[in-house]
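Each remark here refers to the structure printed beneath this line.
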Amino acid sequence: MREEPEEQFTSSPTSAAGPCRPDAPRGSGGDEPATEAVRQFVQHAEEVREYAAYLVSAKMDGLRAAARRAAVYTVMGVVGLIALATVIIVSLVLLLGGLGRALGALFPRAPWLGDVLVGVVFLGVTAAALTLVIARYRNRTRERTVNKYESRKARQRAIFGRDVSRAAEPEGRCGGAAE
């Protein structure tokens, strides 16, 4: 029967000589195995705590960096929208002013009339377009809502044999007619 050296199985995995090496020292020499185990447990617990704190810190830094990026992109987007709106507004002012002056040339006694007519036509077209867009939005929203509830009622009929509109009627009645 071959005997194995005792140091192979009793070396400290965290000793300075390296993990699981037979030549690694056993801590403080005469420590009891339970005391050594507790010391190693505390050391490993401190190590795990430090690694967990490192992970949490890294995740928090990542979240902060993501929030900063989102804030920068938001500011850039707002500035871009303001610049675009400025370009559109200036273009409209120049276009409408030119149209107003051109139309005003047709009225030599009242050149201001061209600006007034262009303004009235522009506001009328804008109001009509907004009214049309709002009406289409309302119709689409209402249609989606009606479809949603009709779908739910169909599902209720398939599962329960009746839907919510028939649920309040007594069992013996059908369609509101008395038997």
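Has segment 115-129 got any residue that is free of Cβ contacts under 8 Å to residues at least 24 places away in the same chain, more than 30 Å from Val93 (Cβ to Cβ) and of a type in the set (Ser, Thr, Tyr)?
If we filter segment 115-129 for residues that are free of Cβ contacts under 8 Å to residues at least 24 places away in the same chain, which is where we start, we get 115-121, 123-129.
Filter once more, so that each one left must be more than 30 Å from Val93 (Cβ to Cβ): none.
No.
Just to check your reading of the model, which residue among Ala34, Ala16 is under 54 Å from the mean Cα position of the chain (by Cα), modelled with pLDDT under 95, assigned to a loop (DSSP other than H, G, I, E, B) and surrounded by fewer than 10 Cβ atoms within 10 Å (Cβ to Cβ)? Show your work before the answer.
Working: Ala34 fails: assigned to a loop (DSSP other than H, G, I, E, B).
It is Ala16.
Regarding Leu106, is this residue of a type in the set (A, V, I, L, M), surrounded by 10 or more Cβ atoms within 10 Å (Cβ to Cβ) and in a helix (DSSP H, G or I)? So that I can check it myself, show each step before the final result.
Numbers: of a type in the set (A, V, I, L, M): yes; surrounded by 10 or more Cβ atoms within 10 Å (Cβ to Cβ): yes; in a helix (DSSP H, G or I): no.
Answer is no for this residue.
The values are calculated or read from the model by the stated rules, or taken from the named source; none is laboratory data. Small disclaimer: the values here were computed from a predicted structure and weren't measured. Cβ sites come from the backbone with ideal geometry, for glycine too, and all protein chains shown count toward neighbours.
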